[in-house]
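The structure appears right after this line, and notes come after that.
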Amino acid sequence: MRQILNIKDDEVIIYEITDQYLSECNKSNKVMMNKDLYLNYLRICDFETITLDRTQCVFSQEWITHYGTLKTDGNWLWSGDLEHYFEKYNFIWPKDHILKITNSNYQISKKSKSIIKERWKLGHELVRQSSSPSEVNHFKDLIIQGRKINLIKAL
């Protein structure tokens, strides 16, 4: 399932991206200003997890990054295939995502980089200390511990 997560200090907002929404974006005539800058920002962000598999584009059947591969800028986490849909099929990101990136002048801040590094270290330490796959999944959930999880917003 394709998702975008907005990880805030006190809550996590989860957006579920459906094939229907991708289709609506593809049919829309909206063209994003500074699309190349936005796409470059997405490409320089770090991988949170990598799924060693590919999936087929819902429109062209082209093999693309699997939606289970996740990228992050420290505050947002998204399915890796969304970059493909953004570049080729006019995927429309949540307004808060667009504002965050445009307000940062399409640059990853030092604070965002430190958040990524902190979560990476915590995740690896928890995995190192765990003894089973179920514990690893439980520990992954603890990385966002203490934050309220909002209902999924389907886009």
Tabulated pairs, region 82-104, first farther than 14 Å from residue 37 by Cβ, second charged (D, E, K, R) and surrounded by 15 or more Cβ atoms within 10 Å (Cβ to Cβ), C-beta under 7 angstrom, 6+ apart or interchain: 82/2
Output for region 15-55, where each listed residue is touching a residue at least 24 places away in the same chain (Cβ under 8 Å), within 22 Å of residue 100 (Cα to Cα) and of a type in the set (Asp, Glu): 16, 46, 48
Considering residues of region 15-33 that are assigned to a loop (DSSP other than H, G, I, E, B) and modelled with pLDDT of 90 or more only, the residue nearest to residue 83 (Cα to Cα): 18
Per-region count, region 1-14, residues in a loop (DSSP other than H, G, I, E, B) and either within 16 Å of the chain's Cα centre (by Cα) or closer than 15 Å to residue 98 by Cβ (or both): 2
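The values are calculated or read from the model by the stated rules, or taken from the named source; none is laboratory data. Just so we're clear, the structure is a prediction, and the values are computed from it rather than from any experiment. Note: ideal-geometry Cβ built from the backbone for every residue, glycine included; neighbour counts use all protein chains shown.
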